[in-house]
Amino acid sequence: METQKSRTGSGAKLNLLAFSQGLSSLGGSMTTVTLMLAFQSAGASTWAVTLLLVLSLLPSVVLGPLVAPWLDRIETTKILTTTLTLRGCIGIAIAYTTDVTALLMLLGIASVVSVIDGPAMTLLVPKVQKPGLEPIAAYARMETFRSMGIVLGPLMAGLLVDQLGSRIVLLVDAASFLLVATVIVLLGVRRYPPENKRPTQPSWFAQVAAGPQSVGKDALVRTATLSLAGAIIFTALLTVAQIYFIRTDLQASATIYGGIVAVHALGRFLAATFIAPGSRSSTSPRCSSTQEC
């Protein structure tokens with residue numbers, strides 16, 4: 001049974017969960033940037049780097065809509081700590097693997113596992129949110145920390161690759177996931193599915209199908225989805241060209257490359273920090289307790 005404390009939550013727990021989100025994001029971005037630098041330094045083709053990016057992004061696009069309704073039906077904390085621990089173990093294996101094909105396979109597996117992390121952490125937010133805090137502010141805090149990880153990850157990866165080498169950085173990345181798993185355990189928050197299913201609760205398939213249906217019906221959602229898809233495609237194209245232009249044509253260091261990637265991500269961090277918390281939505285009323293959210 002959940003205690004009253006776990007139901008009401010606290011600001012400290014929300015900050016700790018947001019820190020875990022940021023650390024997970026930091027480790028993921030460091031892994032991707034470190035592998036891209038390693039591929040480029042080893043003379044890998046642009047196709048290999050492109051495949052690396054595809055394996056990093058595609059699982060979340062394809063599996064994300066399938067995983068979220070499933071997570072809503074289970075106790076999310078245990079599956080979250082299990083997947084984070086698995087990501088740490090995979091990260092250690094990546095650090096000691098030299099074959100490109102094996103590296104890409106391990107990265108693909110890690111990306112599939114990582115699809116669970118974000119939605120699972122999001123489902124814990126209402127359990128740690130302070131009463132009276134608007135949901136959009138709590139989720140904006142999570143996004144702020146996530147964006148901080150995205151900004152700092154490339155910069156730290158580039159700096160550490162120059163100073164310590166790729167293997168040490170990849171081991172640090174793996175350790176970050178194990179640390180996040182430990183933090184989630186120490187947080188002591190459990191999110192259980194409803195004990196009695198509502199008679200009108202849609203099936204898993206219906207929930208999955210509701211996503212594409214909402215995109216087709218809502219012009220605003222449709223526009224935002226198409227814009228985001230376009231942004232992802234062009235960002236991926238830029239990322240592949242960027243590393244070869246900076247590292248090969250300009251002969252810049254890994255630190256410079258990481259800094260440029262970090263600056264590119266800084267805009268999203270600023271938006272999450274200063275714009276999202278101040279926005280208001282007619283569909284997100286102020287909560288007097290977490291049970292109303």
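The values are calculated or read from the model by the stated rules, or taken from the named source; none is laboratory data. Everything quoted here is computed from the prediction, not taken from an experiment. Using ideal geometry, Cβ is built from the backbone for each residue, glycine included, and neighbour counts are taken over all protein chains shown.
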Worksheet item: Does Thr77 satisfy the condition of being under 19 Å from Leu123 (Cα atoms) and among the hydroxyl-bearing types (Ser, Thr, Tyr)?
Response: yes
Response to the item:
In the range 114-150, anything of a type in the set (A, V, I, L, M, F, W, C), more than 11 Å from the chain's Cα centre (by Cα) and not in a loop (DSSP other than H, G, I, E, B) is listed as Leu123, Leu124, Val125, Val128, Ile136, Ala137, Ala138, Ala140, Met148
Item to complete: Looking only at the range 121-143, decide whether some residue is touching a Ser or Thr at 6+ places or on another chain (Cβ under 6 Å), within 27 Å of Leu52 (Cβ to Cβ) and not small (Gly, Ala, Ser).
Response: no
Practice prompt. List every residue pair whose Cβ atoms sit under 9 Å apart, with the two residues 6 or more apart in sequence or on different chains, where the first one lies in the range 123-146 and is at positive phi and the second, anywhere, is surrounded by fewer than 18 Cβ atoms within 10 Å (Cβ to Cβ).
Written response: Gly132/Arg286; Gly132/Ser288; Gly132/Ser289
Practice prompt. From Ala44, Ala38, grab the single residue that is in contact (Cβ under 8 Å) with a residue 12 or more places away in the chain, more than 20 Å from Thr182 (Cβ to Cβ) and not in a helix (DSSP H, G or I).
Written response: Ala44
Fill in: Positions within the range 126-139 being surrounded by fewer than 22 Cβ atoms within 10 Å (Cβ to Cβ) and out of contact with any Gly (no Cβ under 7 Å at 6 or more places or on another chain), in sequence order
Pro126, Pro131, Gly132, Leu133, Glu134, Pro135, Ile136, Ala137, Tyr139
Item to complete: Select from the range 73-107 the residues that are in a helix (DSSP H, G or I) and either touching a Pro at 6+ places or on another chain (Cβ under 7 Å) or hydroxyl-bearing (Ser, Thr, Tyr) (or both) and list them in ascending order.
Response: Thr76, Thr77, Thr81, Thr82, Thr83, Thr85, Thr101
Worksheet item: Can we say Val261 is modelled with pLDDT of 85 or more, part of a helix (DSSP H, G or I) and not small (Gly, Ala, Ser)?
Response: yes
Worksheet item: Restricting to the range 85-126, what's the tally of residues that are within 15 Å of Ser25 (Cα to Cα) and among the acidic types (Asp, Glu)?
Response: 1
Discussion item. Filter the range 163-177 down to the residues that are polar (S, T, N, Q) and surrounded by 15 or more Cβ atoms within 10 Å (Cβ to Cβ) and list them by number.
Written reply: Ser166, Ser176
